[in-house]
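Notes follow the structure.
The values are calculated or read from the model by the stated rules, or taken from the named source; none is laboratory data. Because the structure is a prediction, the values reported are computed rather than measured. With ideal geometry, Cβ positions are generated from the backbone for all residues, glycine too; neighbour counts draw on all protein chains shown.
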Amino acid sequence: MASIGRTTDATTGGEALLRARQRAALLPDLLVEARRVVATVTSGWHGRRRRGAGENFWQFRPFVDGEPVSRIDWRRSARDDNVYLRDREWEAAQTVWLWADPSPSMLYQSQAGLVSKESRALVLVLALAELLSRSGERIGYPQVLDPISARNAAERIAGALMSSRPDTGFPGADRFKRYSEIVLVSDFLDPMDELVARIDQLSRRGVRGHLVQIADPAEVAFPYSGRTEFRDPETGAKLTAGRAETLREEYRTLFDARRTHLAEHCRHIGWSHVFHLTDRLASEPLLALHGRLSGQFQLSGQRG
């Protein structure tokens, strides 16, 4: 039986409770996996430090005509024949919000996928929390954890998710302040008009967003043939195809069109978009997010 797609209908309370318990049991292992992923990318992660207004020393650099004389470091300048300025480090007061889609469609995992979409999303969020907390960033998780600046942010998020996590829904825009950032990790299989409307609502509030679109390899390749029963993971509704292979070309066209439309819309509003398959390494989208969060990203819908 294949399971592809998403609708907006809610599942029963019993099913939601069972998923919550299963998710809570997995979180300790996912935190360990997240830290393993962090260890593989640490050498390429340089945080978001850069020159700007702040109190901490950043670097010395040669004086250029027209710059404030008050910023000259005379002690450093006395060492040789050049005049040097003392730059301070830019201090980011903004919050980085992290969110992994808890929808039932994220539980899907085909034989080609290394893990479920939900497991990969949580690993990415926890790994990102680990890396950002080491850089002194303020990190929050909508409806789960208020923004904190702590070295153990990833552990605290994992602990909070074990006891409290929204069952469904896209994070509302009300609590996000202007200039904050949000990383949304999801399969983004909601109806496109609804999805775009929610993204635009965040964008209009001055929030800078980064989408990580996760897909199982089977959702891209559509490898099914013969008589196949498809089940909606949200409602349990079923659809039987007598010859599933006849749907492959049209399905792929529609899937690619959704992905391209989402990436183009992100580019249009100044957001970033990364596409990731669960048969790839988790470190790949994590490194792609580094450039986007540091402001060095190239707005693109290509796979990170």
Of the criteria (1) in contact (Cβ under 8 Å) with a residue 40 or more places away in the chain; (2) farther than 22 Å from TYR108 by Cα; (3) hydrophobic (A, V, I, L, M, F, W, C); (4) surrounded by 19 or more Cβ atoms within 10 Å (Cβ to Cβ), which one VAL196 fails
(4)
In this structure, is ALA112 touching a residue at least 24 places away in the same chain (Cβ under 8 Å), surrounded by 22 or more Cβ atoms within 10 Å (Cβ to Cβ) and not polar (S, T, N, Q)?
no
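Every residue, every condition in (1) closer than 30 Å to GLY172 by Cα; (2) touching an Asp or Glu at 6+ places or on another chain (Cβ under 7 Å), yes or no:
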{"residue": "ARG198", "(1), (2)": "yes, no"}
{"residue": "ARG204", "(1), (2)": "yes, no"}
{"residue": "LEU211", "(1), (2)": "yes, no"}
{"residue": "ILE214", "(1), (2)": "yes, yes"}
{"residue": "ALA218", "(1), (2)": "no, no"}
{"residue": "PRO223", "(1), (2)": "no, no"}
{"residue": "GLU229", "(1), (2)": "no, no"}
{"residue": "ALA244", "(1), (2)": "no, no"}
{"residue": "HIS261", "(1), (2)": "yes, no"}
Kindly check whether there is at least one residue in the range 239-247 that is of a type in the set (S, T, N, Q), at pLDDT 95 or above and outside any helix (DSSP H, G or I).
no
For the range 63-103: of the residues being in a loop (DSSP other than H, G, I, E, B) and in contact with a strand residue (DSSP E or B) (Cβ under 7 Å, 6 or more places away or on another chain), which is modelled with the lowest pLDDT?
TRP90
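This table checks each residue for (1) small (Gly, Ala, Ser); (2) at pLDDT below 90; (3) under 18 Å from ARG36 (Cβ atoms).
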position: GLU130; (1), (2), (3): no, no, yes
position: GLY136; (1), (2), (3): yes, yes, no
position: GLY140; (1), (2), (3): yes, no, no
position: ASP146; (1), (2), (3): no, no, no
position: ALA153; (1), (2), (3): yes, no, yes
position: ILE157; (1), (2), (3): no, no, yes
position: SER164; (1), (2), (3): yes, yes, no
position: PHE170; (1), (2), (3): no, yes, no
Yes or no: LEU98 within 14 Å of the chain's Cα centre (by Cα) and under 18 Å from SER283 (Cα atoms)?
yes
